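Heads up, the thing below is written out as structure tokens.
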Amino acid sequence: MTGSAGTDVRSSARALKALFYVAGTVATVAGLDTVIRGVRSVPRQRPGNPSIESELRFYAAFYTAYGLAVLGVAPRADRDTSAVRALSGALFVAGLARAGGWIAAGRPHPLQRFLLGIELVAPPLIVAWQARLA
């Protein structure tokens, strides 16, 4: 592509890839932090009971793997529709699960509410953005 439209598309593709690199890094680091520190990685929490620590650290390993998968897709995020949709869908479902926690146990820390917003809003926007590029 040449001209302004081609430049805009290339710029948008680079921005999407950059978003995937940042998001993948954040997810990987946050997951590893929780694998290592357990419930203490959650704001205002003290060490939990052994079952909660075990379960949280187990799920954190999967969050780490999710981050690594996002990083693996980052170089081709502008054209790998299936991978972008799968990763976006997983993030959206995780947001729904977080919302279920709010319903079941009450309002979480502001950080978790902020993350919930990202998890429910970003995936459809990313899917739409990538669809325009692919």
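Coordinate-derived values only; no laboratory data. The shown structure was predicted, so the numbers you read here are calculated from the model rather than taken from an experiment. Glycine also receives a Cβ, built like all others from the backbone with ideal geometry; neighbour counts cover every protein chain displayed.
Any idea what the relative contact order of the chain is, in percent, if you count C-alpha pairs under 8 Å spaced at least 6 apart?
Values: 131 pairs, mean separation 37.8, N = 134.
Once normalised by length, the contact order is 28 percent.
Tell me the net charge near Ala128. Cut-off is 14 Å between Cβ atoms, Ala128 excluded, with +1 for each Lys or Arg and -1 for each Asp or Glu.
Values: positive: Arg85, Arg132; negative: Asp78.
Taking every Cβ under 14 Å from that of Ala128, the sum is +1.
Membrane-span-like helices in the chain: DSSP H runs reaching 24 Å or more (Cα, own axis), mean Kyte hydropathy at least 1.0?
Span-like helices, by this rule, are 81-105.
Can you work out the FRET efficiency for the pair Ser4 and His109, with r the C-beta to C-beta distance and R0 = 41 Å, to the nearest 0.05? Present the calculation step by step, with values, prior to reporting the outcome.
Values: r = 45 Å, r/R0 = 1.09.
The pair Ser4/His109 has a calculated efficiency of 0.35.
Say the dipole of the range 3-133 comes from +1 at the beta carbon of Lys and Arg and -1 at that of Asp and Glu; which of Trp102, Ala13, Val73 then lies farthest toward its positive end?
The residue sitting most towards the positive pole is Trp102.
When Lys and Arg each count +1 and Asp and Glu each count -1, what net charge do the other residues less than 13 Å away from Ala15, Cβ to Cβ, add up to?
Around Ala15, the charge tally is +2.
With all pairs of different alpha carbon atoms counted, what Kirkwood hydrodynamic radius in Å does the chain show?
Values: mean 1/r = 0.0623 Å⁻¹.
Over the chain, the inverse of the mean reciprocal pair distance is 16.0 Å.
In the range 27-54, which residues have a backbone nitrogen under 16 Å from the label point lying 7 Å from Arg98's Cα in the Cα-to-Cβ direction?
Only 27-34, 41-44 fall inside the zone, counting backbone N under 16 Å.
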